[in-house]
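Chemist: There's a structure below that I have some questions on.
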Amino acid sequence: MEDFHKAINWKGKIWWSTRISIEGGRIVLSKDFIEKFRIGTKEKIILDDYDTGWKLSEEMAYFQKDEIKEKAIEILEKNRENLAQGQGLLWANDTYSLLIIFQGMDTSGKDSLIKHVMSGVNPQGCRVNSFSTPNKEELDHDFLWRCNLRLPRRGEIGVFNRSYYEEVLIAKVHPEILEKENLPDKKKNSKFWQNRYDSINSFEKHLTENGTVILKFFLHISKERQKERLLARFENKEKFWKISRSDIEERKFWGEYMRAYEELLEHTSTTNAPWYIIPADYKWVARTIVSDVIASHLISLHDSYPAVSEEKREEINRAREMLENE
């Protein structure tokens, strides 16, 4: 990997040279930088220790935000191209599938991130699923069932906007929700939640062993920035439809949600299905980091299109001759 030396140098500090590299002809964020956002197995998580803004390290404070934003947007554009290329290889080789999971508090930017990052992929090979309150049929099955029905096929990219992780988030903050599931185990103690974490880990292990690559992103927004975005909706008539009193009331449970997220991140970030904590106060930061992680993983799955057999080559030549001699 060759270091990318076209760095921004401001006040004697070089930032991009240590965070950007050229890999396979592609400008990408360095692996060391990306690893800062990836959660290790059974790692103790305290979300207050994770920055939600654009100053992701002390040295970045020496830079102007607009300088970093300009370079980040450039990387995002390159990653869109890489995603399109990687999707073509994924589809043609028909060996792996890619499952991308987004979780985050309301206004953390899940919808807009999916729109901007995935805008360059072919919609025929990418399916986005948003999971809201379970219906009667879904409640009559186990909590993984409805998501299992929407998993991507080989060669496809599947995006989950919220997922089965809601069952260890909102169901944990509001345990009365579980009453609708009519579960045999009525005790919602620590063992109950650990069993759910174990079920999720086993489910994801099964998927990865059968060719599904799983990437999980927690969009980490601050309570202050969420308030700003919620208030902004009241100023935009086109966003009135997004306003819900329940979203405002849920802010009362912010601390409970953060603890629920900390526990799920600790218990369900595995080697094969890792979590990434993505700073989400600035949407351009989140989009750049997420696009880089997805593009890098997608490109790494295949380096070429499937080889064609000699018999197939002969068939292609005959077809070409037929067409040329019409």
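Chemist: Kirkwood hydrodynamic radius, computed over distinct alpha-carbon pairs, for the stretch 240-312: how many Å, to one decimal?
Modeler: About 16.6 Å for the stretch 240-312.
Chemist: Taking square-rooted eigenvalues a ≥ b ≥ c of the alpha carbon gyration tensor, is the stretch 101-182 rounded, prolate or oblate, where a/c under 1.5 means rounded and, failing that, a/b exceeding b/c means prolate?
Modeler: The shape class here is oblate.
Chemist: Would you mind working out the magnitude of the charge dipole of the stretch 2-324 relative to its Cα centre, with +1 at each Lys and Arg C-beta and -1 at each Asp and Glu C-beta, to the nearest 20 Debye?
Modeler: 820 debye
Chemist: For the stretch 137-154, just list the computed ³J(HN,Hα) in residue order, Karplus coefficients 6.51, -1.76 and 1.60, θ = phi - 60°, integers in Hz, with x standing in for Gly and Pro.
Modeler: 4, 5, 5, 7, 10, 5, 5, 8, 4, 5, 6, 4, 5, 10, 5, x, 7, 4
Chemist: At Lys42 and Ala319, where each label point lies 7 Å from the Cα along Cα→Cβ, what is the point-to-point distance in nanometres?
Modeler: 5.3 nm
Chemist: Still on this structure, please answer the following. Could you calculate the FRET efficiency of Asn182 with Ile73 from 1/(1 + (r/R0)^6), where r is the beta carbon distance between them and R0 is 51 Å, rounded to 0.05?
Modeler: The value I calculate is 0.55.
Chemist: State whether the stretch 41-162 is rounded, prolate or oblate according to the following rule on the C-alpha gyration tensor (a ≥ b ≥ c being the square roots of its eigenvalues): a/c under 1.5 gives rounded; otherwise a/b larger than b/c gives prolate, and the remaining case gives oblate.
Modeler: It is oblate, given that a/c is not under 1.5 and a/b is not larger than b/c.
Chemist: Hey, rough spin-label estimate for Asn122 and Phe234, points 7 angstrom out along Cα→Cβ, what's it come to in nanometres?
Modeler: 4.7 nm
Chemist: Placing one identical point scatterer on every Cα of the stretch 2-324 and ignoring solvent, what is log10 I(q)/I(0) from the Debye formula at q = 0.13, 0.15, 0.16 Å⁻¹?
Modeler: Taking Cα atoms of the stretch 2-324 as identical point scatterers yields -1.04, -1.33, -1.48.
Chemist: Please name whichever of Ser97, Gln87, Val285 sits farthest to the positive end of the charge dipole of the chain, dipole taken about the Cα centre and charges placed at Cβ: Lys and Arg +1, Asp and Glu -1.
Modeler: Val285
Chemist: While we're here: Looking only at the chain, where both bridge partners belong to it, what percent of the DSSP beta bridges are antiparallel (to the nearest 5)?
Modeler: 30 percent
Coordinate-derived values only; no laboratory data. Note that the structure is a prediction, hence the values are computed from the model and not measured. Cβ coordinates were reconstructed from backbone atoms using ideal geometry, including for glycine residues, and neighbour counts include every protein chain displayed.
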